[in-house]
Amino acid sequence: MRLAIPYDDGQVFQHFGRSEQFKLYEVNDGAVGPSRILENSGAGHGALVTLLAQEHVDVLICGGIGAGAQNALKEAGIRFYGGVQGEADKAAADFAAGRLAYDPAVHCEHHGEGHDHGHGHNCHHQD
């Protein structure tokens with residue numbers, strides 16, 4: 001599985017649509033493998049989702065993320081966990097271990113807009 005985190009100076013960058021770098025991690029069997037930095041050429045959130053899809057990203061961990069980016073990620077089949085702060089490497093390790101602290105309200109703020117959770121919705125909550 002490939003995991004992406006908006007990245008700035010070792011931290012989870014808090015504004016997805018303004019991300020200049022992503023750190024990509026390979027996650028297998030509950031462990032974080034090799035990682036690398038992916039540079040963004042200054043594109044906005046729609047192009048960022050395309051960039052992540054081209055890199056075969058399965059999961060995005062992020063801080064703040066708007067509704068447009070959320071919808072684009074869903075359309076691209078990329079699961080996402082918002083409201084994450086702190087060190088990117090720790091967030092990746094926590095995700096791999098199944099203990100990521102995230103805020104479901106950040107990536108489910110579209111409730112009440114005629115959506116429900118039975119139709120391809122990507123609001124993933126860890127069990």
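List of remarks:
- In sequence order, calculated HN-Hα J values of the range 22-28 (Karplus, 6.51, -1.76, 1.60; Hz; x Gly/Pro): 10, 9, 9, 10, 9, 10, 9
- Here the 3J(HN,Hα) profile of the range 2-9, calculated from phi with Karplus coefficients 6.51, -1.76 and 1.60 at θ = phi - 60°, is 9, 10, 10, 9, x, 10, 8, 6 Hz, Gly and Pro shown as x.
- Measuring max minus min along each principal axis, the C-alpha atoms of the range 61-110 give extents of 27, 18, 14 Å (largest first).
- Computed from phi, the 3J(HN,Hα) profile of the range 29-36 under the Karplus parametrisation 6.51, -1.76, 1.60 (θ = phi - 60°) reads 6, x, 10, 8, x, x, 9, 7 Hz, with x in place of Gly and Pro.
- Annotation: amide H of Gly86 within the under-5 Å range of Val12, sequence separation 5 or more or interchain, hydrogens built in the peptide plane.
- Using 0.36 nm per residue and subtracting the Cα-Cα separation, the extra length available between Arg36 and His15 on full extension is 5.6 nm.
Just so you know, all these numbers are worked out from the coordinates, no wet-lab data involved. Computed from a predicted structure; not experimentally measured.
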